[in-house]
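Structure first, then comments.
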Amino acid sequence: MSANPISPHSALADLQYRDGILVWGGKKVTDIASELGNTPFYAYDRDRITRRVNDLRAMMPDRLHFHYAMKANPMPEVVKHMVGLVHGLDVASGGELVTALATGVSPKDVSFAGPGKRDPELKAAIESEITINIESEGELGRILQISETLGKRPNIAVRVNPSFELKSAGMKMGGRPSQFGIDAERVPNLLKSLESLDVNFRGLHIFSGSQNLRSEAIVESLEKTVELVLELMRSTKLKSDFINLGGGLGIPYFPKESSIALDQVAPAAQAAVDRLNTELGDVETIMELGRFFVGESGIYVVRVIDIKESRGVRFAICDGGLHHHLSASGNFGQVIRKNYPVASVRLGESTEEVTVVGPLCTPLDLLGDRVTIGPVEEGSLIALMQSGAYGRTASPEQFLSHPPCAEIIL
Ligand SMILES: *Cc1c(COP(=O)(O)O)cnc(C)c1O
């Protein structure tokens, strides 16, 4: 029996090995490396993404629609795969909008949120008839000017900066001054002005946090969000086509973290859908998720270039690091650095403690601090798990001018 190759042991019980080699997307990781001809690379597993979406769908109310928040992983093939599984896409830039539209998604199911949308981005959004989630009154003014020039009515949703905060979210938004959304207390006046403007009002969007593993916090946020939506919609004659309740479902990365209890979220989601439909008439209820859909489907694979002992620590120095995977190095908004789950691609008879680092000239380039994994030597492949979201495109790839990283979907 081989030793457990993964460190720290986390929620990743379903790793598969064939002939002692880690399998991802149905292929041995060593074969993926030979086919690509180089390391490092990201590999995403289509089936894992599909299962993930379908499992969530099976638990949640039928009438709840899901959007994919593209910034989690904007690889065009990933986005295309997601379009076949969810109701719509949320984009956060003009660049993401181009990728989104190239999939053939229906523009009415695309929304564009994000502060600081530039005029060419707004123009592209209006021309393509997607929905723009406005983040300020000034942005609305620019949209009105551009749409007048184009002779086209823009589709507008209002992103609300709520007056409450999502507890224990990895990243908090709402309840404080924010560049995101329009403060809830200002929204009634804004809706009043929209009533007489030449725009199609589509709905409200409230996103109150990310990477949450506590179901009670998600339930509380859903309840408060619905209350806020109803209060705001009572202040206007406008009718919402949709209400986007945000998302925030997290995935486990670290020891002692476990997957979110969806069986506790589902009844709250059902109550939200029911209440919104009762109070607002027929309305589409949307949850937007990025990380939850794709995070567990990706691995980042590096090759060991050098093994080095230094004062009792065995270092595995690899060809990839924080320039491709900033979040695994602990430098993407984390307060305390913890190891992502790390696995040796080849199973061995034993395990050993190594510190996995990248090739950059900074001590921040740390992928696994004293992790216990299967034996590693020069040339070994090491996989970082839970790497399908906020990986390559959330990293400073140009830093130190190393070669770019490959990406493949299997
Ligand atoms: C980033 C973002 C998301 C996705 O967050 P995840 O934690 O990846 O699910 C959803 N909505 C908005 C508005 C965002 O900015």
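The values are calculated or read from the model by the stated rules, or taken from the named source; none is laboratory data. Everything numeric here is computed off the predicted structure, so don't read it as measured data. For neighbour counting, all protein chains shown are included, and Cβ atoms are generated from backbone atoms with ideal geometry for every residue, glycine included. Accessible surface areas use protein heavy atoms only, side chains included; no ligands, DNA or RNA. Shrake-Rupley method; radii C 1.70, N 1.55, O 1.52, S 1.80 Å.
Matching residues to (1) under 26 Å from Ile299 (Cα atoms); (2) open to solvent by less than 20 Å² (accessible area, probe 1.4 Å):
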{"residue": "Met70", "(1), (2)": "yes, yes"}
{"residue": "Val79", "(1), (2)": "yes, yes"}
{"residue": "Gly88", "(1), (2)": "yes, yes"}
{"residue": "Val91", "(1), (2)": "yes, yes"}
{"residue": "Thr99", "(1), (2)": "yes, no"}
{"residue": "Glu121", "(1), (2)": "no, no"}
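Suppose we filter segment 161-186 for residues that are within 14 Å of the ligand (Cβ to nearest atom) and either modelled with pLDDT under 90 or more than 15 Å from Val229 (Cβ to Cβ) (or both); how many remain? Going through segment 161-186 one residue at a time, the tally reaches 11. Exactly one residue among Glu220, Glu195 is surrounded by fewer than 19 Cβ atoms within 10 Å (Cβ to Cβ), within 21 Å of Met59 (Cβ to Cβ) and either touching a residue at least 12 places away in the same chain (Cβ under 8 Å) or not β-branched (Val, Ile, Thr) (or both), and that residue is Glu220.
Among the residues making up segment 255-271, those that are away from the ligand (no atom under 16 Å from the Cβ) and of a type outside the set (A, V, I, L, M) are Pro255, Lys256, Ser258, Asp263, Gln264, Pro267, Gln270. Taking the conditions exactly as written (under 17 Å from the mean Cα position of the chain (by Cα), touching a residue at least 40 places away in the same chain (Cβ under 8 Å) and farther than 30 Å from Asn38 by Cβ), does Ser297 satisfy them or not? It is false that Ser297 is under 17 Å from the mean Cα position of the chain (by Cα), touching a residue at least 40 places away in the same chain (Cβ under 8 Å) and farther than 30 Å from Asn38 by Cβ. Screening segment 339-391 for strands (runs of 3 or more DSSP E) wholly inside it with 2 or more residues that are more than 17 Å from Asp306 (Cβ to Cβ) and not acidic (Asp, Glu) returns the ranges 342-344, 366-373, 381-384.
Sub-7 Å Cβ pairs linking a first residue in segment 272-288 that is closer than 14 Å to Val86 by Cα and within 16 Å of the ligand (Cβ to nearest atom) to a second residue that is open to solvent by less than 30 Å² (accessible area, probe 1.4 Å) and of a type in the set (S, T, N, Q), at least 6 apart or interchain, are Ile286/Asn244; Glu288/Asn244, ordered by first then second residue.
Could we say that Leu56 is in a helix (DSSP H, G or I), within 15 Å of the ligand (Cβ to nearest atom) and surrounded by 15 or more Cβ atoms within 10 Å (Cβ to Cβ) here? Here the answer is yes, as Leu56 does meet what is asked. If only residues of segment 354-394 that are open to solvent by 10 Å² or more (accessible area, probe 1.4 Å) and under 22 Å from the mean Cα position of the chain (by Cα) are counted, the one that is farthest from the ligand (Cβ to nearest atom) is Arg392. The single residue among Leu85, Leu89 that is touching a His at 6+ places or on another chain (Cβ under 7 Å) and either of a type in the set (Ser, Thr, Tyr) or not in a helix (DSSP H, G or I) (or both) turns out to be Leu89. Of everything in segment 243-255 that is in contact with a His (Cβ under 8 Å, 6 or more places away or on another chain) and touching a residue at least 60 places away in the same chain (Cβ under 8 Å), the residue that is nearest to Glu284 (Cα to Cα) is Asn244. A count restricted to segment 130-167 and to residues that are free of Cβ contacts under 8 Å to residues at least 12 places away in the same chain and within 11 Å of Lys117 (Cβ to Cβ) stands at 1. Can you name every residue in segment 246-272 that is over 16 Å from Glu220 (Cβ atoms), more than 18 Å from the chain's Cα centre (by Cα) and either of a type in the set (Lys, Arg) or buried (at least 21 other Cβ atoms within 10 Å of the Cβ) (or both)? Residue satisfying the conditions is Lys256 alone.
A residue that is in contact with a Lys or Arg (Cβ under 7 Å, 6 or more places away or on another chain), open to solvent by less than 50 Å² (accessible area, probe 1.4 Å) and hydroxyl-bearing (Ser, Thr, Tyr) can be found somewhere in segment 279-299.
All of Gly88, Gly94, Gly114 fail the test of being away from the ligand (no atom under 15 Å from the Cβ) and either touching a residue at least 60 places away in the same chain (Cβ under 8 Å) or out of contact with any Leu (no Cβ under 8 Å at 6 or more places or on another chain) (or both), apart from Gly94.
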